[in-house]
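Structure first, commentary second.
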Amino acid sequence: MLTQQLTQQQLTGKDPKGLISLPDSLACKKDQLAHPQAVNALLQLQSVAKKADQSFYVLSSYRSFEQQKSIWNRKYRGELKVVDGNEAMVDMDSLKSLERIHAIMLYSALPGASRHHWGCDFDIFPKAAMDSGYQPQLLQSEFNNGGPASSFNLWLTKALKATEFFRPYQTFQQGIAAEPWHISYRPIAEPALQQLTAARLAKELEAELDLAGKDTICDNMTTLYQRFISNIYTDTGIKGESL
């Protein structure tokens, strides 16, 4: 298993050094980056998928700190849609700062804390649905029975057991919502999460001048970290407790 330490800049999405472009066979858009080891594992998963008459696109791979901050700030200010656990729109104007943060973190990570910063996490969706014109929303209902990704979801659940990928948000554990589209390459992701402590993240965010809700975030970092960052699904269903 890979145990290479990431730098603080790599951990928090500020340095894509060492990442490579996704092959065209995987990418649904140009300029998607990922860790080379994770790319090789994805290609192996793609090969397994073809044998089962399945296929997928990578909707999201590496995401920089600035990209994540843009998403965060726009959601905090009500400029981007935020949904609750029932996939209903949230009225952000009616919420206090900490309530806004909790609402956003149900589906979106804090800048500096996104697993997509590491180049080993991917949001994937079946090609068949997209090739027929469907625009993915990345919601649980799409992967439920009758949804455009339902058969793909059944296949993926079984296929992942024979790979080094896992779903960090397999189930809702009172933190981030279930994300059946989100897969993580364990050999890189596990040591990265161990490196990214609450203290390191707080130090990184305290230096940001234009992060919406920054004071509330930093004041509540320990509980936010435990609820939304280290609280992931493992193979045994036990919550992660990396602090």
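The numbers here are math on the coordinates, done by the rules we state, and not lab data. Note that this is a predicted model, so its numbers are computed, not measured. Every residue, glycine as well, gets a Cβ built from its backbone with ideal geometry; the counts of neighbours run over all protein chains shown.
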- Unmet criterion (only one of (1) over 17 Å from the mean Cα position of the chain (by Cα); (2) part of a helix (DSSP H, G or I)) for Asp210: (2)
- Any chance the stretch 8-25 includes a residue that's touching a Leu at 6+ places or on another chain (Cβ under 6 Å), surrounded by 15 or more Cβ atoms within 10 Å (Cβ to Cβ) and part of a loop (DSSP other than H, G, I, E, B)? yes
- Message: Based on this model, can you work out whether Ser70 counts as farther than 22 Å from Glu190 by Cα and either part of a loop (DSSP other than H, G, I, E, B) or touching a residue at least 12 places away in the same chain (Cβ under 8 Å) (or both)?
- Response: no
- Message: Residues that are of a type outside the set (A, V, I, L, M), part of a loop (DSSP other than H, G, I, E, B) and surrounded by 15 or more Cβ atoms within 10 Å (Cβ to Cβ): does the stretch 38-50 have at least one?
- Response: no
- Restricting to the stretch 110-151, what's the tally of residues that are closer than 20 Å to Leu22 by Cβ and touching a residue at least 40 places away in the same chain (Cβ under 8 Å)? 18
- If you check Ile217, Ile176, Ile183, which single one turns out to be β-branched (Val, Ile, Thr) and closer than 18 Å to Gln46 by Cα? Ile183
- Message: Condition check: free of Cβ contacts under 8 Å to residues at least 24 places away in the same chain and β-branched (Val, Ile, Thr). Does Val48 satisfy that?
- Response: no
- Filtered residues of the stretch 213-239 (kept if of a type in the set (Ser, Thr, Tyr) and in a loop (DSSP other than H, G, I, E, B)): Ser230, Tyr233, Thr234, Thr236
